[in-house]
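Reading through the structure tokens given below for one structure.
The values are calculated or read from the model by the stated rules, or taken from the named source; none is laboratory data. Owing to the predicted nature of the structure, the values given are computational and were not obtained by experimental measurement. Cβ atoms come from the backbone with ideal geometry, glycine included; neighbour counts cover every protein chain shown.
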Amino acid sequence: MADLHEAVMKVLKEPQAIFDLIGDDVTRAARVFGIEIPKSEIEKKLMPRKAIVVRQSGLAGQSRGFVRVQRTLIDVACYGETPYEAELLRLKVNRFLKDFRRRMSEGFLLHSFDLVNGPIHVRETVTEWPYVLETWRCMASET
């Protein structure tokens, strides 16, 4: 079954401007996670550092008819070593999602992203890691 988290995570790993901030040149992996930061990152004390967390925050509605198009709300949290570093990452992600052009990703045709809310500057309650939260409306159709 197609996973919208995976589809959005995959496209956020592609832009060089974002990879330059959150990528690891050795492993060629970008620090983009689904729903939450993995416990391994916490246990190894690898945070706070730049990372992106993507999570669905609700279904904003589906189109009627034969075309299965959904407009899902997606929260994108951009973490950083400091609030300012988190904001720098958010600016890159924001620019990418605003300029996004329709493409296939992990079983979805991602049509567009529209900013709904944010930026909201916050800190994790327990760890106090800084991050900036934005909510986007993602229009996508499962293929």
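A few comments on the model shown:
- Members of segment 23-57 that are of a type in the set (A, V, I, L, M, F, W, C), modelled with pLDDT under 75 and either more than 17 Å from Cys78 (Cβ to Cβ) or under 11 Å from the mean Cα position of the chain (by Cα) (or both): Val26, Ile42
- Subset of segment 76-90 that is at pLDDT 95 or above and part of a strand (DSSP E or B) - its residue that is nearest to the chain's Cα centre (by Cα): Val76
- Val93 surrounded by 17 or more Cβ atoms within 10 Å (Cβ to Cβ), modelled with pLDDT of 95 or more and either more than 13 Å from Cys138 (Cα to Cα) or out of contact with any Lys or Arg (no Cβ under 6 Å at 6 or more places or on another chain) (or both): yes
- Out of Phe100, Phe113, sole residue that is in contact with a Leu (Cβ under 8 Å, 6 or more places away or on another chain), in a loop (DSSP other than H, G, I, E, B) and either in contact (Cβ under 8 Å) with a residue 40 or more places away in the chain or surrounded by 18 or more Cβ atoms within 10 Å (Cβ to Cβ) (or both): Phe100
- Residues of segment 1-20 classified as farther than 22 Å from Arg71 by Cα and at pLDDT 90 or above, total: 0
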